[in-house]
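Data block below; observations after.
Every number here is computed from the coordinates shown, using simple stated rules; none is lab data. The model shown is predicted, which means the values in this text are computed figures rather than measured ones. Reconstructed Cβ throughout: ideal geometry from the backbone, glycine too, with neighbour counts over all protein chains shown.
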Amino acid sequence: MKRLMALLAVLLVASFALIAANEPLQPGTVIEKGIASWYTSDKSESLTANGEIFDPNTLSAAHKSLKFGTIVRVTNLANGKSVDVRINDRGPYVDGRIIDLTPAAAKQIDMLKSGISSVDLTLIFEPEVPESKYNRAGDTGWYQIQVGAYSSLLTAYAQYDRLLNAGLKPYAEQLPDSQAVRLTVRWVPAYQLDRTMKALSALGFAEKNVLKKSEVNPYR
């Protein structure tokens with residue numbers, strides 16, 4: 001038991017050292033580059049993923065993981081035109097595309113006719129509390145991913161070491177009334193979720209076997 005507690009103490013110290021070494025993104029940071037598209041809805045009163053009514057005339061957008069209410073500047077790399085949009089929906093769900101704009105936003109950067117364009121996304125504002133009518137995993141803009149629980153202390157330590165060496169931020173805790181150790185990858189910002197899931201997959205942690213949860217913002 002003493003050995004278990006000693007090892008957990010070492011792992012916890014390492015976990016908190018990792019978070020201290022990673023600063024949050026600052027406004028003005030280019031967070032992503034890729035293909036933008038635009039979308040609309042044939043149905044009136046359609047809801048966005050955060051529970052709002054979809055309005056094609058607003059400057060808003062769908063993104064796979066950014067916190068709802070985040071404002072990003074979308075710059076069309078073909079002509080240099082930019083538009084600031086508020087994230088209130090999820091998507092796009094086409095490989096290689098990073099953001100779906102409303103028609104109004106697409107018109108601002110002159111990509112209505114082309115349909116798609118190469119863009120970069122610059123962070124302008126991120127709300128402390130996500131602007132959503134729901135409370136689902138990731139709505140906070142941060143994720144924790146539970147990868148497993150291990151009855152063997154040596155196995156838990158080996159897996160912790162693999163996660164750490166992969167550049168992830170593992171966190172170890174003893175389960176209540178048990179000798180088992182639960183390992184979680186924590187403090188994953190939304191924009192790094194896809195990269196983190198690919199790293200976990202490469203280590204043998206299939207997405208279907210891990211549990212994603214919302215995470216509090218560690219910097220507030």
Margin query: Nearest 500 deg cm²/dmol is fine: what mean residue ellipticity at 222 nm does the chain get from its DSSP H runs of n ≥ 4 alone, each adding -39,500 (n - 2.57), divided by its residue count?
Written below: -7000 deg cm²/dmol
Check: Quick one: net charge of Arg73's neighbours, Cβ under 15 Å, K/R +1, D/E -1?
Finding: -1
Item checked: GluC sites (Glu not before Pro) restricted to segment 32-134 and DSSP loop, no more than 11 other C-beta within 10 Å -> Glu45, Glu128
Checklist line | Of Ala62, Ala104, Ala180, the one that fluctuates the most in a GNM where the chain has Cα springs shorter than 10 Å | finding: Ala180
Item checked: Note, ³J(HN,Hα) from phi for segment 140-150, Karplus 6.51, -1.76, 1.60, rounded to Hz, x at Gly and Pro -> 6, x, 9, 10, 10, 10, 7, 9, x, 10, 10
Next item on the list: Quick one: net charge around Ile145, please, counting Lys, Arg +1 and Asp, Glu -1 for every other residue with C-beta under 11 Å from its C-beta.
Entry: +2
Item checked: All-pairs Cα distance distribution in segment 103-174, expressed in whole percent, bin size 10 Å -> 14, 24, 25, 21, 12, 5
Next item on the list: Provide the FRET efficiency to the nearest 0.05 for the Thr40-Glu128 pair, computing r from the beta carbons and using R0 = 35 Å.
Entry: 0.70
Check: What number comes out for the charge environment of Ile109, summing +1 per Lys or Arg and -1 per Asp or Glu over other residues with Cβ under 14 Å away?
Finding: 0
Checklist line | Debye intensity ratio I(q)/I(0), log10, segment 146-204, q values 0.20, 0.23 Å⁻¹ (C-alpha model) | finding: -0.72, -0.89
Next item on the list: Enter the Cα centre distance for the pair segment 70-106 and segment 178-220, rounded to the nearest angstrom.
Entry: 26 Å
Check: Assuming R0 = 45 Å, what is the FRET efficiency of Lys81 and Ala158, from their Cβ-Cβ distance, to the nearest 0.05?
Finding: 0.30
Next item on the list: Could you tell me which label, among (1) 1.54; (2) 0.99; (3) 1.17, carries the value of Cα Rg over 2.2 N^0.38 Å calculated for this structure?
Entry: (3)
Checklist line | HN-Hα J in Hz across segment 170-181 - Karplus 6.51, -1.76, 1.60, θ = phi - 60°, x for Gly and Pro | finding: x, 9, 10, 8, 7, 6, x, 6, 7, 8, 6, 10
Next item on the list: Mind checking segment 168-220 for GluC sites (Glu not before Pro) that DSSP puts in a loop (not H, G, I, E or B) and that have at most 11 other Cβ atoms within 10 Å?
Entry: none
Checklist line | GNM flexibility winner over the chain from Lys67, Lys33, Lys133 (Cα, springs under 10 Å) | finding: Lys133
